[in-house]
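Beneath this line is the structure, given in structure tokens, with notes to follow.
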Amino acid sequence: MKNQILIASLMLVFFSCSKESNEPSNTENIIRTSGLNFVPSTLNCNIGDTIFFELGGTHNAIEVSEETYNSSSSTPLENGFIFDFGSSGYIVANELKTYYYVCTPHLPNMKARIVVN
Ligand SMILES: [Cu+2]
């Protein structure tokens, strides 16, 4: 009986957590692709905001370091986000920093930033 209560509690915690992470908090921060650009090229947001990506079929979005960004390379940042060609998804901006990201086939021009305030 004790075990059943424990398992039920664990399942409750598990489901409430997973539900939370599947429900983005807002829909105002959307990055799309237009031609060979990310729009907007600089997105300003607040910490904790959800940032949506909607990529055209020929574009990906790879988070890179500031140094990689400045040299227009595409080496992924360790533990950074990666959105594959044509994919949609989102990140939660939970770090007070500037996120730099690039589109691999359209460098050196196709790169953009997310500035978290
Ligand atoms: Cu591109």
Testing residue 61 on (1) out of contact with any Leu (no Cβ under 7 Å at 6 or more places or on another chain); (2) under 17 Å from residue 43 (Cα atoms), one condition comes back false. Which one is that? (1)
Considering only segment 28-40, state which residues are under 18 Å from residue 92 (Cα atoms), in contact (Cβ under 8 Å) with a residue 40 or more places away in the chain and not in a strand (DSSP E or B). 40
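Every number here is computed from the coordinates shown, using simple stated rules; none is lab data. What you are looking at is a predicted structure, and each value in this text was computed from that prediction instead of being measured. In this analysis, Cβ positions are derived from the backbone assuming ideal geometry, glycine residues included, and neighbour counts consider all displayed protein chains.
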